[in-house]
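The values are calculated or read from the model by the stated rules, or taken from the named source; none is laboratory data. Being a predicted model, the structure only gives us computed values, none of them experimental. As a convention, Cβ positions derive from the backbone with ideal geometry for all residues, glycine included, and neighbour counts pool all protein chains shown. Side chains included, ligands, DNA and RNA excluded: accessible areas come from the protein's heavy atoms. Shrake-Rupley method; radii C 1.70, N 1.55, O 1.52, S 1.80 Å.
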Amino acid sequence: MIGILEKEAGEKLLFLNTCGASLVLQITGSGYVFMPYWGGRIECTDIRYVIADITRGSYLADANGQKDFKLEQMPQIYPSHGYSDLREPAFAFVYEDGSRITDLRYRSHWIHRDKEKLPGLPSVRPADDSEVLELVLYDDVKQVEVTLTFTVYESHDAITQSVRVENKSGEKIRIEKLCSASVDLLNCEYDLLHLAGAWAREFQIKRRRLEQGMQSLGSTRGAGGHGQNPFAALISPETDEDHGNVYAMNFVYSGNFLAGAEVDMHQNTRFQMGIHPFDFAWTLLPGERFQAPEAVMVYSGQGLGRMSRIFHKLYRDCLIPARFARRERPVLLNSWEANYFDFHKEGLVSLAGEAARVGAELFVLDDGWFGKRNDTTSSVGDWAPNEEKLGGTLPELIRDIEDKGIAFGLWFEPEMVSPDSDLYRAHPEWVMQVQGRRLEMSRDEYVLDLSNPEVCDYIIESIGRILGSCHIVYVKWDMNRNFTNMGSGYLSADRQKEQAHRYMLGLYRVMETLTDRFPDVLFESCAGGGGRCDPGMLYYMPQVWISDDTDAMERLRMQYGSSLIYPSLVMGCHISEVPNHQTGRQESLRTRTAVASWGNLGLELNLNRIDEEEKRNIAEEVAFYKKIRPTVQFGTLYRLKGLQSGNEYAWMHVSEDGRQVAVTYVRPLASPNTVSRRLKLTGLCPDAGYRAEEDGRVYCGRELMNVGLSPGKIRTDAYSRQWVFERVEESR
Ligand code: DGJ
């Protein structure tokens, strides 16, 4: 709920209150907007003392003609550059006269319930109880208006923020930086937590103590990339799964981003999220508007576990397409590790048939089905089926596969082009490039310049043609390289720095059009694994392939990391072959299933090569997963072990109605003469009884949460154990 306290001389306090948190804005008589508080929920009460109590240094420049009024010591909500705040500003504008000073002051505000989709950008949809505050700030000298839009998700316990700039002057304005969110915390005792990594090692949790100065993470690769997810959290030093103060931001954007935490000389922290200012600029003509993407802001006073559950529920209810929020994800078999590029019709139909026999519901034909593609060196961009390789037309193949009792999905990589392709031969000018400069390939591809609307139209037309002509229920949308050779033949010289953002706007238009036109197709986003996993993508594509590394032990850390933000419902997790194709490890089928059952189970196996007994075991594992699928996909996740220790992981899902509980324990390395600690559950009803499926024993919730379960005798590496409980009314 948004509350207002009007005070004397035009002063106001605006309370953005969720069920568990408050973010308070203070509008002063002179129009500055301060942020005296963000933290656990408080009532709407006069807390102007927070600002009044701040001790002012006398060595800073005066502001506003008042000696004791130093902007640098004030917690602000959208700080400018040019006066007495010498920290990192939230934005940077350059005016036609070369000046760079902007002095934003409060002009008006508007509270309403009609959250609109951001023009051209993904954003979190409104909830039944969400409310919007639009706070209009204005610079009188340059007539520029900046509107901060906050949406308060009361029961979801989250706030989102986006920013819009409108040029109300008669001159051009050049935007060189525009954060989507900027908050000042009156403290610096925090660790910075974020998710870093590389290809096949995505979502590694990194944690480091903040020090005076700027610490940041970001990406200039054209996507968040495998290296950094657009997520950062400032957490109090004692924070673990259940304790500690957490201030988290996640960016609803899939391109270059920067998240920064600046600890100033007064031990305060400025925390920002936005489009990366490197290689970004935007020219705003008189009368034009620029809309920055949305950032999601979550406060948890109960550690990372609560933070994650807030993100999970918000993203399931209000971010992913509503039609997929309640739809169970199919168990799929993906052909990539089974065949790579080497397949023919009989093999595919047989593989699909075997997949159906073990219980898979969807067969996904990965790379290699189009043009003359038999390796990475050709055909990306030519989205015409290779009928020779497919042994006929695509609809015929799909019909034969469907006859085996399984649905069909297809892989695309729409944003790239092979130099050896008809598309490139016809339109060499469509790739990102600078004339006269060496054009660099990566995975034998160039990047199409999606800042050019014609290129986007081609993608819509060529992908739409295939989706419209066959029964395809799932698309794996891949993107296998980052941006180099930034340069657009379409944009004028003075707009070249708009390219990366215009690319994203183009991509979002493509996705919006295709997902609207084919609403029943389940799109999975992939970028060589988890190279572009962010809320922006989830808005269109409610499933993500989080890594090309399918080794169960490697996956533990990555799934743990991705689950900090992204719900189990969106996470594709596959059982793959042993020895594993990335690591050479051999883990039991049981452990591979246990790990993959954290999210949406899939198979990445060549069942044509596997013997009958193993296939029976696989079928049993798939059947086991289907029993807990609704709990995993729509339930509540509690992580039990894994944040500190690298050698024990445990997590549990409690179904929406609380009636089923699925618990998993995994220990990567056995070690002799060690006592394994009991595993204490959480999130249960203390007085209810829970019947263990394996032996029928009924435990009391209190017992499971305090005494816990024994992981058993561990005599092997990659050890796992899973339990399923049904809630029964009576406890023992
Ligand atoms: C990278 C993806 O992450 C893989 O799963 C697979 O689809 C390949 N691309 C295909 O080229």
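Every residue in segment 424-471 that is within 16 Å of the ligand (Cβ to nearest atom), in contact with a strand residue (DSSP E or B) (Cβ under 7 Å, 6 or more places away or on another chain) and open to solvent by 10 Å² or more (accessible area, probe 1.4 Å), please.
The first filter runs over segment 424-471 and keeps only residues within 16 Å of the ligand (Cβ to nearest atom), leaving 441-447, 463.
Adding the requirement that they be in contact with a strand residue (DSSP E or B) (Cβ under 7 Å, 6 or more places away or on another chain) leaves 445-447, 463.
Residue satisfying the conditions is 446 alone.
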Looking only at strands (runs of 3 or more DSSP E) that lie completely in segment 654-707, which have at least 2 residues being open to solvent by 20 Å² or more (accessible area, probe 1.4 Å) and closer than 22 Å to residue 241 by Cβ?
660-667
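From the list 721, 697, 677, 702, which one is basic (Lys, Arg) and at pLDDT below 95?
After ruling out the rest, the residue left standing is 677.
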Matching strands (runs of 3 or more DSSP E) fully within segment 87-145 where at least 2 residues are at pLDDT 95 or above and open to solvent by 60 Å² or more (accessible area, probe 1.4 Å):
105-112
Could you please let me know if residue 419 is more than 15 Å from the ligand (Cβ to nearest atom) and assigned to a loop (DSSP other than H, G, I, E, B)?
yes
Residues being outside any helix (DSSP H, G or I) and farther than 18 Å from residue 650 by Cβ - total across segment 570-595:
14
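Quick check on my filter: what residues within segment 404-416 are assigned to a loop (DSSP other than H, G, I, E, B) and away from the ligand (no atom under 16 Å from the Cβ)?
404, 405, 406
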Members of segment 1-41 that are in a loop (DSSP other than H, G, I, E, B) and either among the charged types (D, E, K, R) or in contact with a Pro (Cβ under 6 Å, 6 or more places away or on another chain) (or both):
7, 11, 41
Test residue 558 against the criterion of being out of contact with any helix residue (DSSP H, G or I) (no Cβ under 9 Å at 6 or more places or on another chain) and buried (at least 16 other Cβ atoms within 10 Å of the Cβ), and give yes or no.
yes
Cβ-Cβ below 7 Å, separation at least six or inter-chain, first residue in segment 234-263 and under 15 Å from residue 565 (Cα atoms) and open to solvent by 10 Å² or more (accessible area, probe 1.4 Å), second modelled with pLDDT of 95 or more and in a strand (DSSP E or B): which pairs?
241/639; 247/38; 247/185; 247/233; 247/234; 247/271; 247/299
Is at least one residue of segment 567-587 open to solvent by 20 Å² or more (accessible area, probe 1.4 Å), of a type in the set (Asp, Glu) and within 16 Å of the ligand (Cβ to nearest atom)?
yes
Residue among 541, 504, 537, 558 that is away from the ligand (no atom under 16 Å from the Cβ) and either at pLDDT 95 or above or more than 21 Å from the chain's Cα centre (by Cα) (or both)
504
Looking at segment 449-460, is at least one residue touching a helix residue (DSSP H, G or I) at 6+ places or on another chain (Cβ under 8 Å) and of a type in the set (Asp, Glu)?
yes
Somewhere in segment 376-384, is a residue open to solvent by 30 Å² or more (accessible area, probe 1.4 Å), in contact (Cβ under 8 Å) with a residue 12 or more places away in the chain, farther than 30 Å from residue 492 by Cα and within 15 Å of the ligand (Cβ to nearest atom)?
yes
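Yes or no, residue by residue, for (1) without any contact (Cβ under 8 Å) to a residue 40 or more places away in the chain; (2) touching a Phe, Trp or Tyr at 6+ places or on another chain (Cβ under 6 Å):
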| position | (1), (2) |
| --- | --- |
| 629 | no, no |
| 667 | no, yes |
| 676 | yes, no |
| 689 | no, no |
| 722 | no, no |
| 725 | no, yes |
Can you name the residue in segment 306-344 that is within 13 Å of the ligand (Cβ to nearest atom) and in a helix (DSSP H, G or I) and is also most open to solvent (accessible area, probe 1.4 Å) among such residues?
336
Take residue 360 and decide whether it is outside any strand (DSSP E or B), under 19 Å from residue 478 (Cα atoms) and away from the ligand (no atom under 11 Å from the Cβ).
no
